[in-house]
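A quick write-up on the structure given underneath.
The values are calculated or read from the model by the stated rules, or taken from the named source; none is laboratory data. Keep in mind that what you see is a predicted model, and the values were worked out from it rather than measured. Counting neighbours? That spans all protein chains shown, and the Cβs are built from the backbone with ideal geometry, glycine included.
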Amino acid sequence: MRRTSIAAVLVALLVAAGGFMLSNTEVAGQAPAGVPRFEVQAGWAKVPAQWKLGDVSSVAADAQDNIWVLHRPRTLVGADPQTVAPPVLQFDANGNFLQAWGGAGSGFEWPEREHGIYVDQQGSVWIGGNNCAERMLPGLKPVDDDQLVKFTRAGKFVLQIGRSNSSTGNADTTNMHAPSDVFVNSRTDEVFVADGYGNHRVVVFDATTGAFKRMWGAFGNKPIDHDVCPPPEPGPVANDASQGPPQFAILHALRISTDGLVYVGDREHKRIQVFSTDGKYVNQVFINREDPKASRTTGGLALSGDPQQRYLYAAGGRIAVLDRKTLKVLTLDAGPGGHHIGSDSKGNIYTASGRTVLKLAFKGVS
């Protein structure tokens, strides 16, 4: 028989009343026992000596605990093309190089500015980008990344959802607008997209056909158009008991737990919102919003590798650890963070950090 605490009953009542917000000042406190410990392993990824990595944007683990890395070759402005690694690299669990591929090809539109990588349970590799035409970054063409591209693990093109330079805004059911992250729900064969930089919504497509299924914004609201390119630097977040803005800012990370909850990182607002897979708002938590020096604390999300997925990890400059079910912040500093993070079945965390990949080796629970 499952035991229910008084606290759990109160939580359920608050959620039923329309959702509740946990501010970091309410939940951080002293880190209790039961917090994961990690050891940083710099230089874990054995990149072939003849290659250089540009800015590493994203990292993901597949079902076999191989680690996939997405970087931005065009940030190596002026480099000898022979020394620049392809944008997608695969490593085994020990950091040994396995293969590399990616870039422009026939029949699809490769993102101009690589952003997110995800590998689903069938081994398909999903790639998105966040370039916008007005940004005019060195080495990049003035195009909008409004598409998501799917490949086999060997780099063979499978599917493209959306087209470059084609978004009509948050009501568009065909295109995205600078999508930042994806996650495939293998139970329903649906791909959930954090869409992202130009749009401000979660949008769901059939993972096989690319057909539109549904969408929602913050709190389950209808997302509204507010396309700002380039995206503004994060501003101060109100340190009060409010629910926060009614719309997402930059929707930067997305993960789905095995019990069917969708966790979304609203980076500039320093919050994580939780939904059911059909878009019903459940809960939210702010991460360190009272500290003006701590920015983008929810830029990367990952789940722990245990069967219950007890922990939720949120990354900015450092990695915060939360109890996934209660959203209680257990620690704000489990190790160095990064742009995106990934986790494997052994409990290790991998971070896309600068022009390298860090492994945070799981060392048990304190």
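Quick notes on this one:
- Just one of (1) buried (at least 17 other Cβ atoms within 10 Å of the Cβ); (2) part of a loop (DSSP other than H, G, I, E, B) fails for G107. It is (1).
- Subset of region 161-206 (residues that are free of Cβ contacts under 8 Å to residues at least 40 places away in the same chain and among the hydroxyl-bearing types (S, T, Y)): S166, S167, T168, T174
Matching residues to (1) farther than 27 Å from L137 by Cβ; (2) in contact with a strand residue (DSSP E or B) (Cβ under 7 Å, 6 or more places away or on another chain); (3) modelled with pLDDT under 95:
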{"site": "G18", "(1), (2), (3)": "yes, no, yes"}
{"site": "L53", "(1), (2), (3)": "no, yes, no"}
{"site": "S58", "(1), (2), (3)": "no, yes, no"}
{"site": "H71", "(1), (2), (3)": "no, yes, no"}
{"site": "V88", "(1), (2), (3)": "no, yes, no"}
{"site": "A104", "(1), (2), (3)": "no, no, no"}
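- Single residue of A253, A294 found to be closer than 30 Å to L137 by Cα, part of a strand (DSSP E or B) and small (G, A, S): A253
Per-residue answers, yes or no, for (1) part of a strand (DSSP E or B); (2) under 18 Å from the mean Cα position of the chain (by Cα); (3) basic (K, R):
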| position | (1), (2), (3) |
| --- | --- |
| T258 | no, yes, no |
| V264 | yes, yes, no |
| F275 | yes, yes, no |
| V282 | yes, no, no |
| L301 | yes, yes, no |
| D306 | no, no, no |
| Y313 | yes, yes, no |
| V321 | yes, yes, no |
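- Candidate set from region 117-148 (those that are touching a Ser or Thr at 6+ places or on another chain (Cβ under 8 Å) and among the charged types (D, E, K, R)); member that is surrounded by the most Cβ atoms within 10 Å (Cβ to Cβ): D145
- Residue count, region 49-80 (criterion: more than 24 Å from R113 (Cβ to Cβ) and not hydrophobic (A, V, I, L, M, F, W, C)): 4
- Filter result (surrounded by fewer than 23 Cβ atoms within 10 Å (Cβ to Cβ) and either β-branched (V, I, T) or assigned to a strand (DSSP E or B) (or both)) within region 331-363: T331, P336, S353, T356, A361, F362, K363
- Hits in region 328-357 - residues which are over 14 Å from P36 (Cα atoms) and in contact with a Phe, Trp or Tyr (Cβ under 7 Å, 6 or more places away or on another chain): I341, G342, V357
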